[in-house]
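Reading through the structure tokens given below for one structure.
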Amino acid sequence: MKWKIYSAYSAFFAISVISAFFTSTNQAIPLYSCYASLFLLYFFIIQQVKAGDDLKPAVALGLIVRCALLFAIPNLSADYWRWIWDGKFQAIGYSPYALTPKELMDRSLNTFLNAGNIFHHLPDVRTYTTNGPLIQFINYTAVKLSMNHDRL
């Protein structure tokens, strides 16, 4: 009987990794299939734990999945790209509250590395940032810490 729960754990991990690393927002059927499967597996795991199975493997699964997903780009969120844009924008000396991404690209100001690549991922290039000062500080700090390792 233990093989059922461990199979569910393995499937949950595999589907979590697939949904995080190999699906995007324009792939509706695979995305919905992954999330529906994860929901059913989660429900099954919870029922097994309630029925008396040990909680430790379920907690270990949660920690392992979280560690694996730490390295996934949050490709289901367009905000991710805006955070990168705002941080890089501040790093070159401009305020994200002063110019929209479109204005920056139209003026050909002192742009940052890969500005065009990030620009194409932004959902709305004609709006000013809506992130508060704390988020802006976090974005700026993240960019400053990763200046020598610029992949985006």
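List of remarks:
- Filtered by the rule that a residue be more than 16 Å from Ala78 (Cα to Cα) and either touching a Gly at 6+ places or on another chain (Cβ under 9 Å) or not in a helix (DSSP H, G or I) (or both), the range 1-33 gives Met1, Phe22.
- Yes/no for Ala72 being touching a residue at least 12 places away in the same chain (Cβ under 8 Å) and of a type in the set (A, V, I, L, M, F, W, C): yes
- For the criterion of being within 18 Å of Asn131 (Cα to Cα), in a loop (DSSP other than H, G, I, E, B), in the same structural domain as Thr141 (by TED's automatic domain parsing) and touching a helix residue (DSSP H, G or I) at 6+ places or on another chain (Cβ under 7 Å), Pro96 passes.
- Pairs with Cβ under 6 Å, 6+ apart, first in the range 115-136 and exposed (fewer than 13 other Cβ atoms within 10 Å of the Cβ), second part of a helix (DSSP H, G or I): Arg126/Lys102
- Every condition in (1) under 16 Å from the mean Cα position of the chain (by Cα); (2) more than 27 Å from Asn26 (Cβ to Cβ) is met by Asp106 except one, and the failing one is (1).
- On inspection, Thr111 fails the criterion of being touching a Cys at 6+ places or on another chain (Cβ under 7 Å) and either outside any helix (DSSP H, G or I) or of a type in the set (Phe, Trp, Tyr) (or both).
- Test for Tyr80: is it out of contact with any Cys (no Cβ under 9 Å at 6 or more places or on another chain), in contact (Cβ under 8 Å) with a residue 12 or more places away in the chain, part of a helix (DSSP H, G or I) and over 15 Å from Tyr6 (Cβ atoms): no
The values are calculated or read from the model by the stated rules, or taken from the named source; none is laboratory data. Computed from a predicted structure; not experimentally measured. Heads up, the Cβs are rebuilt from the backbone with ideal geometry, glycines too, and the neighbour counts pull from every protein chain shown.
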